[in-house]
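Notes for the one structure printed next.
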Amino acid sequence: MTDLARAEAAPVPEPAIPGQRRGPDYLPWIAGALTLFVLVAFMVYPILKTLANSFAPAGEVISFANATFANFERFWTSRLYQNALRNTLIIGVVVTILSTLVALPMAYFVARVDMRFKPLILSLSIIPLISPPFIGAYAWVILFGRSGIFTHYLGEWFGISVPPIYGYNGVILAMVLSNFTYVFLFVQGALAAVDPHLEESAKVMGASRARVLRTVVLPLAIPPMLAGAMIVMIEALGEFGVPAILGGEMYVLSTLMYFQIHGFFNLNGAAAIALVNVAITLVAILLLIRFNKKRRFITVGSTTRRAAQHTGRGIKIIAYVYVWGLLAFALLPQAVILFTSFAERWPGTLWPTQYGWGNYQYVFSRVMQPLQNSLLLATVATIACVIFGTLTGYVAERKKFAGKWALDLTIMLPFILPGIVTGVALLVTYNSGPVVLTGTAIILVIGYFVRRIAYIYRSVVAAVGQVDPKMEEASAVAGATWGYTMRKVTVPLIAPGILAGAIIVFTTLISEMSTTVMLYSAQWKTISIAIYERLESQEIQAAAAIGAITIVVTLILVFSATKVIGKSMSELFR
Amino acid sequence: MATRTAFLAAGFAVAAFGAVQAQEGQVVVYNPAGNAGELLIDAFSEKYPGITVSAINAGVGELFTRIAAERANPRGDVIICASSEAFLANPGLFASYESSELENFSPDVIGEDNTYYGCSMPLQAFIVNTRLLPEDEHPQSWDDLADPRYEGKIILANPSLSGSAYAQLAQILQLHGWDVAEGVMNNARFVTSSQAVFQDVGRGEIEIGVTGEANIKNMLDDGFPVAAIYPSDGTGLRFDASAIIDGGPNRANAELFLDFLNSKEAHEIVASTNRRSVRADVAAPDGLAATADIVTFPYDAALAAQTRDENIRRWDDLFAQ
């Protein structure tokens, strides 16, 4: 807040002050043009070109002569596709609602109850996002399958028979526990940042505790909650590993799409399914924007006081049990990965028959270079996402212009689409012609950038919505340029939102696989590819060892990065 | 970093000399064959130390999608041991080349105009969990899989989603027709992932599955309680193949690599990873039945591809009932 104070106090008449308005202000135009260029060159053009091919026969490029609805035909001829569409909608809605319900109490407890180890809680809550494809889902089979560890002991000790994990139960369970984090992080940040004056005023005026919660606290949590819920929904619609392993005969669109490419090499068919997925998500986005418009709350004031913390014994016990219980449950797959990495032999028995460091010795030489590459690529892409995501998010929330939904959709599109479609779009566009980028690190960074900018964008839109525009106006009235106001007023106020998004972007990029697999080259192999290679060779324990290294390195990095920035994790997410 | 600089320097050095001599330079290999491919690359590098091999490892689906997307400016030179169905579905991506090993291959496993050369035979077999199912109850034929006593005990990958699973359905249809196929459908749980099939049987989640024999052999070697059963009414002769990508950046080295892949030496390496070589002069992997002892039938992959849409539509309708 000191930055803000300084900006407001900037003396007006001194012409030598940097950031003082001199002549017309070009910066917003330059920033806007650059952003537009990036959006068109890397998102709109390549992706629309690829999606248009969903109207062409398999293996062909769209033209007026060959346009057809054949790829969509199965949606009205095949019960398999119709059922998958229905399952997708049910799973998307149920997972989003349950993730939100599970996350809200945790967010409230961590933000408002006096608890120890908050930085650790927040760091650990990010870890469910690192779930190597397939092994993360398979962990639930190892625990709760017909011959699973929990299934065995629950039956032997307590006579409890665990219901089958396959189908809706398992898929929803696994998805909720790996995605609730998005809602938790966003809401926790907002609740911790609420001006305590608001609640105190309500109390002074005689509102009961329940009424304060309902009329002051909850409404403030809604915009970030919706931002998180939207990400959960898109992740749930796009996930293929969990339904493929745990779905049994319950199919969803993302698995149909994935196997169009894997089973039948039909990218156009996959693009057609993707387009249906995009339509569903688009409806969700529009509903959300409508819903959000009705409730605007400006909350960030000019106080430096922290939100009030509950210190009562009862609520502290409830908070500890709930938060650590949920974390323990959500981190089970990662625990299984860690455990599996030490299993040298595990031949279909209840427990491994031999333990040791063998898997680590085996993968060591295959890990160092990919790990360096992943860290470098993820860092550069995260920085790019922060810059452009902040600009676009700010403009989308603050400025009035026609076709705002188009900007929203453009940014969300690569995020909604399966990674392999985005990867192919970039590969086709930049493999030949005037600009050739394939085989370089640049194309991977671009791929990561377009796939992840939505996180920052969403988080910034939510954060800017909570900043009173009067603060920026005050700065402008005082003579500051747009760039100066951005740098000194707006960005500091929304910094927690940006950083929260950045940490999510970085973490999920470390394990990004589906775009990488299209764009990587031998010199730029990533850690996720190293895991994937072991899975392709059926070396599950070796894959688990690389997965475990990835989890530990990411955890250490996220934790220490926040130390370098000079804040603890809990403050970052405020 | 140091290796990357050296790599670049080597590239410039080669360019500076102008004419690239054979047995120098680079070759880019697309490898969907996991550790078999890695061993082949290692062996090639040992034989031709002057050639830098860089590999892209991924699934067949991803690699063919990549090759198709790169068509205007191909980046890869060679693809190793990809399923022949993949080649049938993607004509026109591969170069015709008369390999020095041509005479050692049966014409059945060579593509039109010598565009691809057979590598191994991923024969489909039944995998049975011996802990869940005693030996006298093991199914012995495709016909058996339709027996009502196996209801709820079979796991298969969905033929409308997975290429190898469609090959299984097509085999049943070519051998017995829809009656048996419907019987199997009534008994089986159809999952989306073909990897889940053998892993679930191995871990004791379900009794019976159908998968490539190498997957079963690998599990046996690791000590899993499974058995491999070749159907007595015959398993289809399928194969996977290697090819030169048409228009790739290093054609001379690509030819060298393909000749090596086709050699007896390379096929023995393939056999060492539990894959059955298509070359008659290479023995079946240790512990797998000799090819001559397995009942096979001439599976018609081209017919299977032609009738696919029709078969899948019928299958979908039955499945959704």
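The values are calculated or read from the model by the stated rules, or taken from the named source; none is laboratory data. Being a predicted model, the structure only gives us computed values, none of them experimental. We place every Cβ from the backbone using ideal geometry, glycine too, and count neighbours over all the protein chains shown. Quick note on the areas: whole protein, heavy atoms, side chains included, nothing else; ligands and nucleic acids left out. Shrake-Rupley method; radii C 1.70, N 1.55, O 1.52, S 1.80 Å.
Annotations for the structure displayed:
- Computed from phi, the 3J(HN,Hα) profile of the range B:302-312 under the Karplus parametrisation 6.51, -1.76, 1.60 (θ = phi - 60°) reads 5, 4, 4, 5, 4, 8, 4, 4, 4, 4, 5 Hz, with x in place of Gly and Pro.
- Residues of the range A:330-351 that lose at least 40 Å² of accessible area (1.4 Å probe, protein heavy atoms only) when the other protein chains are present, relative to their chain alone, are A:347, A:348.
- Inter-label distance for residue A:75 and residue A:90, nm, one decimal - labels placed 7 Å from Cα along Cα-to-Cβ: 2.0
- Residues in the range B:299-321 that, when all protein chains are in place, have 10 Å² or more less accessible area than the chain alone would give (probe 1.4 Å): B:308, B:312, B:313, B:316, B:317, B:319, B:320
- The heavy atoms of residue A:135 offer some 20 square angstrom of accessible surface to a 1.4 angstrom probe.
- A simple rule links phi to the HN-Hα coupling: the Karplus curve 6.51 cos²θ - 1.76 cosθ + 1.60 with θ = phi - 60°, which for the range B:124-135 gives 8, 9, 8, 10, 10, 7, 6, 7, 8, 9, x, 4 Hz, with x for Gly and Pro.
- Take A:335-341, A:240-246 and order them by the average number of nearby Cβ atoms within 10 Å per residue, most first; the result is A:240-246, A:335-341.
- Averaged over the residues of B:224-230, the number of partner chain Cβ atoms lying within 10 Å of the residue Cβ comes to 1.
- Counting Cβ atoms of other protein chains within 10 Å of each residue's Cβ and taking the mean over peptide B:67-76 gives 5.
- Rg over Rh, two decimals, the protein assembly as shown (C-alpha only, Kirkwood Rh): 0.99
- Share antiparallel - DSSP beta bridges, chain B, percent rounded to 5: 55
- Nearest-10 value in Å² for the accessible area of residue A:486, using the 1.4 Å probe: 20
- As a fraction of the 1.4 Å probe accessible area of the protein assembly as shown, surface on carbon and sulfur atoms comes out at 62 percent.
- Between residue B:264 and residue B:309, the FRET efficiency from the beta-carbon distance, with R0 = 35 Å, is close to 0.30.
- Segment residue A:491-residue A:476, extension gain: residue separation times 0.36 nm, minus the distance between their alpha carbons: 3.9 nm
- Heavy-atom accessible area order for A:258, B:117, largest first, 1.4 Å probe: A:258, B:117
- Solvent-accessible heavy-atom area per residue, rounded to whole Å², over the range A:106-246 at 1.4 Å: 35
- Pairs from A:49/A:488; A:399/A:525; A:203/A:470; A:118/A:404; A:118/A:525; A:404/A:525 whose Cα-Cα separation, in the structure shown, is over 32 Å: A:49/A:488; A:399/A:525; A:118/A:404; A:118/A:525; A:404/A:525
- Extended-chain gain in nm, criterion 0.36 nm per residue less alpha-carbon gap, residue A:150 and residue A:308: 52.8 nm
- Label-point separation, residue A:37 to residue A:364 (7 Å along Cα→Cβ), nm: 4.8
- Surface calculation, 1.4 Å probe, protein heavy atoms: residue A:235 sits at approximately 50 Å² accessible.
- Reference-scaled alpha-carbon Rg (2.2 N^0.38 Å with N residues) for chain B: 1.07
- Fraction of antiparallel bridges per DSSP, the protein assembly as shown only, in percent to nearest 5: 55
- Summary value for chain B: 24 percent relative contact order, contacts being C-alpha pairs under 8 angstrom separated by 6+ residues.
- Of the DSSP H helices in chain A, those whose Cα atoms cover at least 30 Å axially and whose Kyte score averages -1.0 or more: A:79-112, A:168-193, A:267-294, A:358-398, A:441-464, A:540-565
- Rounded tilt (10° steps) of B:2-17 against the dominant C-alpha axis of chain B: 60
- In the B-A interface, the accessible area buried, summed over both sides, Å² (probe 1.4 Å): 5400
- Cα-Cα pairs of the range B:118-203 separated by more than 23 Å (percent): 18
- Global geometry of the range A:31-124, whether rounded, prolate or oblate, following the gyration tensor of its Cα atoms and the 1.5 cut on a/c: oblate
- Modelled label reach - residue A:168, point 7 Å along Cα→Cβ, the range A:90-117 residues with backbone N closer than 15 Å: A:90-98
- Potential lengthening between residue A:349 and residue A:97 on full extension [0.36 nm per residue; Cα-Cα distance subtracted]: 87.0 nm
- Spatially proximal aspartates and glutamates relative to residue A:400 (Cα-Cα < 20 Å; intrachain offsets below 8 disregarded): A:25, A:408, A:468, A:472, A:473
- Point-to-point label distance, residue A:405-residue B:186, nm (Cα→Cβ direction, 7 Å offset): 5.0
- Annotation: amide H-H contacts under 5 Å for residue A:115 (H modelled 1.01 Å from N, sequence separation of 5 or more, or interchain): none.
- Counting Cβ atoms of other protein chains within 10 Å of each residue's Cβ and taking the mean over peptide A:514-526 gives 4.
- For residue B:55, nonlocal amide neighbours, meaning residues 5 or more places apart or on other chains whose placed amide H falls under 5 Å from its own, are B:29.
- Look at the alpha carbon pairs under 8 Å that are at least 6 residues apart: their mean separation over the length of chain A gives a relative contact order of 24 percent.
- Spin-label proximity, residue A:201 to the range A:96-140 - amide N less than 18 Å from point 7 Å beyond Cα toward beta carbon: none
- For chain B, the longest principal axis of the C-alpha atoms and the axis of helix B:251-262 are separated by about 40°.
- No disulfide-compatible partner, judged by a Cβ distance under 4.7 Å, exists for the following cysteines of the protein assembly as shown: A:385.
- Ranked by solvent-accessible area (1.4 Å probe, protein heavy atoms only, all chains present), the residues B:108, A:114 order from largest to smallest as B:108, A:114.
- Overall size of the range A:172-290 from C-alpha positions, given as principal axis extents largest first: 67, 28, 20 Å.
- Principal-axis tilt of helix B:34-47 within chain B, Cα atoms, nearest 10 degrees: 30
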